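What follows is calculated from the coordinates using simple rules that are stated; it is not laboratory data. Computed from a predicted structure; not experimentally measured. Don't worry about glycine lacking a Cβ; one is built from the backbone with ideal geometry, like all the others, and counts go over all protein chains shown.
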Amino acid sequence: MAVQKKTSAIKSTSKHLLGIQNLSILESKRILEEAKAFISLNRSPSKKLDILRGKTQINLFFEPSTRTQSSFDLAGKRLGADVMTMNVSNSALKKGETLMDTAMTLNAMHPDIIVIRHQDSGAPNLLSQKVNCAVINAGDGQREHPTQALLDALTIINRKGKIEGLKIAICGDILHSRVARSNIYLMNMLGAEVNVIGPKTLMPSSIERLGVRSFTDMKKGLDKCDIVMMLRLQNERMQGTFLPSKREYYEFFGLTPEKLKFASKDALIMHPGPMNRGVEIDTKLADDINVSLVKEQVELGVAVRMACLKIYCK
Amino acid sequence: MKEKILINARIIDPSQEMDEKGSVIINEEGKITAVGKNVKKDDVPSAEVIDVKNHIIIPGIVDMKAFVGEPGYEYKENFRTLSQAALSGGVTSVVTMPNTKPIIDNVSMVDFIIRRGRDKASVNLFPCASLTREIGGKEMSEFGLLSAKGIIGFTDVVKTVQNTETMARIMDYASDIGVLIMQHVEDYELSKNGCINEGEVSTRLGLGGISYIAEKIIIERDLTLLNKFPCRYHINQISSKDSLDVIEKNKEKGLKFSVGVSINNLSLNENDIGDFKTFLKLSPPLRLEDDRTSLVEGIKSGLIDVIVSDHTPEDEEGKRLPFAQAATGAIGIETLLSLALEMHHNESLPLTKIIETLTINPSKILKINKGSLKKGSDADICIFDLDKPWVVNADDLKSKSKNSAIEGRKLQGKVIMTLLNGEVVFKS
């Protein structure tokens with residue numbers, strides 16, 4: 001089969017954003033650089049650009065989402081794209097339509113980019129094989145959530161100036177978390193040291209093979225950490241017993257001002273949301289603007305998604 | 001049929017510990033009348049001569065686990081396509097699985113399947129019935145009546161009887177009437193939501209993992225029961241090193257049972273799944289390289305008795321889904337021998353051992369008069385070129401479904417001729 005290759009001095013990025021695992025360090029740095037430029041734009045009174053004028057962006061959400069969906073929605077609109085959002089979770093699937101059917105239907109409408117969230121790991125990869133446009137993964141099963149990791153990285157860079165050399169703890173339900181996986185890959189790639197902390201039943205098999213140290217003790221795991229990323233306890237994905245109770249979980253793994261003292265003095269807290277207040281994090285701590293970056297994460301999320309859309313929407 | 005003589009052959013027949021240059025004579029009834037180095041063309045001057053040109057003759061392969069789509073799944077595979085696939089892979093006897101639609105769990109279904117097979121198939125078929133009614137894991141099938149109708153063994157294919165009491169009763173009852181129980185070994189509570197091996201790959205791909213313990217725990221349970229209820233018990237397929245340890249311990253104690261392994265688990269590991277290749281979603285799952293090499297060692301040491309193709313045709317629709325939703329299984333009957341020969345070429349197994357696990361061993365477990373070239377046997381014969389290189393191209397395979405787990409793999413060794421009851425039924 002003849003494949004046409006364009007020769008270019010600059011190494012072009014891959015066609016799709018399926019996961020941090022598929023990303024090179026240059027590609028991720030480029031996204032972060034592009035995103036920085038959008039931060040101030042998003043804070044200015046006039047937020048609209050026309051970089052993506054005439055382009056069609058489809059947000060295909062098989063799983064309910066508020067912040068990721070609205071973030072992508074806004075990002076596309078601010079760049080001037082025509083954005084259509086489809087919540088497939090309650091329509092076509094019930095009629096027996098498969099992901100492939102949906103993909104083919106949408107492909108016929110000539111979109112320039114599809115943003116997909118799906119409950120099955122690998123669904124964006126499958127989609128990318130069947131459509132002609134670029135595909136951005138907005139979270140698939142328990143595999144990856146690349147734009148979340150990128151926005152987390154941007155948030156850290158924005159506050160700490162860098163990621164290299166930092167010590168980052170990711171705490172809680174690692175097993176069910178795509179955010180944890182994407183962050184492990186990205187923070188490692190950008191030169192941070194990553195600890196994961198959680199009960200053994202919520203720790204994925206062979207997690208150390210991903211280049212992290214794993215702990216079951218917050219005191220040991222948080223030691224000298226600059227960033228504490230808390231994860232949501234994903235009760236909806238848990239079948240069977242993983243924990244004795246939420247109360248016991250909070251006792252040992254919930255982030256409280258006392259436990260935060262185990263970390264470095266100027267440690268900052270992050271959470272991908274939505275939070276279970278009083279389960280994985282103390283409610284006052286979550287709202288403490290001196291240590292919590294939660295609001296900033298949401299804000300910079302739009303900038304990161306604008307950068308991704310700009311780069312991948314060709 | 002005319003009398004035949006196959007000359008200039010290297011004959012490998014583990015049933016009589018034969019590996020020698022010689023000839024095979026087949027009489028008018030399709031039976032072998034003489035075999036070996038002392039057999040000369042002059043013994044049968046009027047016979048039709050087939051010059052094998054120094055290639056290898058083995059007994060026709062006996063595949064203990066293959067799925068035919070009839071009835072109910074004809075779009076995946078039917079008797080005709082399965083026969084063609086089998087014969088081009090040197091397989092002359094096939095044990096067929098009962099998870100059809102409807103399920104083969106009653107006498108009238110057996111009549112149908114045997115009649116249909118006789119009309120449409122051109123290989124020897126040995127049908128299994130389900131171990132429990134409707135493969136429900138609750139009530140045992142009519143072992144006696146079904147055996148009398150020609151059922152060779154009882155299996156729930158990819159389902160396991162979870163209830164220990166039910167399994168105990170099944171084994172107790174079966175021990176009295178001497179039927180063969182073929183168990184799929186998997187604890188559902190431990191394997192639920194899992195679709196690949198639990199480990200680094202499942203963590204990276206974000207897929208639910210199946211621990212090796214899910215397999216081991218059922219083997220331990222069943223072998224404990226077997227100790228009390230000594231029936232003919234066969235483990236369909238094992239996948240992990242730990243299962244082998246349990247098997248070894250129990251075989252050393254003198255417990256009698258047999259063990260199978262799929263050619264897939266001998267030739268592939270979890271890394272081959274790559275970027276969500278659904279054709280490699282298998283049950284039991286592909287595991288670590290260390291497990292794979294242990295399984296190969298298990299064959300060498302005799303802990304594992306048979307290699308099966310675990311031929312599971314699935315159409316494109318069933319495989320073109322997100323991994324967790326995709327159908328499980330791969331075709332493999334046609335590539336079984338060639339893929340197994342890899343273990344000879346890479347010097348991990350002696351050739352005779354490979355042939356043994358594909359011919360006489362399954363025949364002994366099934367108590368059928370196949371898998372041997374001894375005088376008086378049916379002339380079911382596979383002739384292959386040990387060194388011929390070729391590349392697997394699923395579109396060239398004869399199976400109706402194209403879900404090969406080894407698409408694009410470079411293999412060495414290919415079947416050139418297959419005989420069934422003395423008739424040439426496949427020639428490349």
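For A:ASN59, the residues whose modelled amide H falls within less than 5 Å of its own, excluding neighbours fewer than 5 places apart on the same chain, are A:MET84, A:THR85, A:MET86, A:VAL115.
In this Cβ point-charge picture (+1 for Lys and Arg, -1 for Asp and Glu), the stretch B:1-79 has a dipole of about 280 debye about its Cα centre. Here the contact order of the stretch B:61-117, divided by its residue count and restricted to Cα pairs under 8 Å and six or more residues apart, works out to 42 percent. Electrostatic tally near A:TYR249: other residues with Cβ closer than 10 Å to its Cβ, Lys and Arg +1, Asp and Glu -1, net -2. Please work out the FRET efficiency for the pair B:LYS410 and B:ASN271, using the Cβ-Cβ distance as r and a Förster radius of 22 Å; give the result to the nearest 0.05. My answer for the efficiency is 0.80. The mean count of C-beta atoms from other chains within 10 Å of the C-beta of residues in B:319-327, rounded to a whole number, is 6.
What the phi angles of the stretch B:82-87 give under the Karplus curve with 6.51, -1.76 and 1.60, with θ = phi - 60°, is a coupling list of 5, 4, 5, 5, 4, 5 Hz, glycine and proline written as x.
Global size of the protein assembly as shown: 30.1, 102 Å for Rg and Dmax (C-alpha atoms, Rg to one decimal, Dmax whole). Counted over the stretch B:248-398 with a bin width of 5 Å, the fraction of Cα pairs per bin, in whole percents, is 2, 8, 16, 19, 20, 16, 11, 6, 2, 1, 0. Taking 21 Å as the straight-line reach from the Cα of B:LYS40, the lysines in range (excluding those fewer than 8 positions away in the same chain) are B:LYS2, B:LYS4, B:LYS21, B:LYS31, B:LYS53, B:LYS374, B:LYS375.
Cα gyration tensor of the stretch A:125-220, axes a ≥ b ≥ c as square roots of the eigenvalues: rounded (a/c below 1.5), prolate (a/b > b/c) or oblate? Judged from the Cα gyration tensor, the stretch A:125-220 comes out oblate (a/c at least 1.5, b/c at or above a/b). Relative to its residue count, the stretch B:98-184 spans a Cα convex hull of 84 Å³ per residue. The long axis of helix A:25-43 is offset from the longest Cα principal axis of chain A by roughly 90 degrees. Please work out the C-alpha center-to-center distance from the stretch B:330-395 to the stretch A:101-131 and express it in whole Å. The two parts, judged by their Cα centres, are 43 Å apart.
Taking amide H positions as modeled 1.01 Å from N, with prolines and chain starts lacking one, the residues under 5 Å from A:SER214 and 5 or more places away or on another chain are A:VAL196.
By the rule of a C-alpha distance below 23 Å, with chain neighbours fewer than 8 residues away ignored, the lysines paired with A:LYS47 are A:LYS36, A:LYS55, A:LYS77, A:LYS295, A:LYS310, A:LYS314.
A simple rule links phi to the HN-Hα coupling: the Karplus curve 6.51 cos²θ - 1.76 cosθ + 1.60 with θ = phi - 60°, which for the stretch A:62-69 gives 8, 10, x, 7, 9, 6, 5, 5 Hz, with x for Gly and Pro.
Applying the criteria of a DSSP loop state and at most 15 other Cβ atoms within 10 Å to the GluC sites (Glu not before Pro) of the stretch B:135-166 yields B:GLU139. Please sort by residue number the GluC sites (Glu not before Pro) in the stretch A:23-112 whose DSSP state is loop and whose Cβ has at most 11 other Cβ atoms within 10 Å. Passing both the DSSP loop test and the Cβ count: no residue. Other residues lying with their Cβ under 9 Å from the Cβ of B:PRO284 contribute a combined charge of -1, Lys and Arg counting +1, Asp and Glu -1.
Find out how many positive minus negative residues lie around B:ALA66, taking Lys and Arg as positive, Asp and Glu as negative, among other residues whose Cβ is under 11 Å from that of B:ALA66.
Net of charged neighbours comes to -3.
For chain A, the average shadow cast by the Cα convex hull is 17.7 nm², which is a quarter of the hull's surface. Across the stretch B:17-26, rounded Karplus estimates of 3J(HN,Hα) from the backbone phi angles (6.51 cos²θ - 1.76 cosθ + 1.60, θ = phi - 60°) give 6, 9, 8, 8, 6, x, 9, 10, 9, 10 Hz, Gly and Pro being marked x. Averaged over peptide A:110-121, the number of partner chain Cβ atoms lying within 10 Å of each residue's Cβ comes to 2. Subtracting the Cα-Cα distance of B:GLU220 and B:GLN16 from 0.36 nm times their residue separation leaves 70.0 nm of extension gain.
Quickly estimate the mean residue ellipticity at 222 nm for chain A, helices only: each DSSP H run with n ≥ 4 gives -39500 (n - 2.57), and the total goes over all residues, rounded to 500.
Here the helix-only value at 222 nm equals -11000 deg cm²/dmol.
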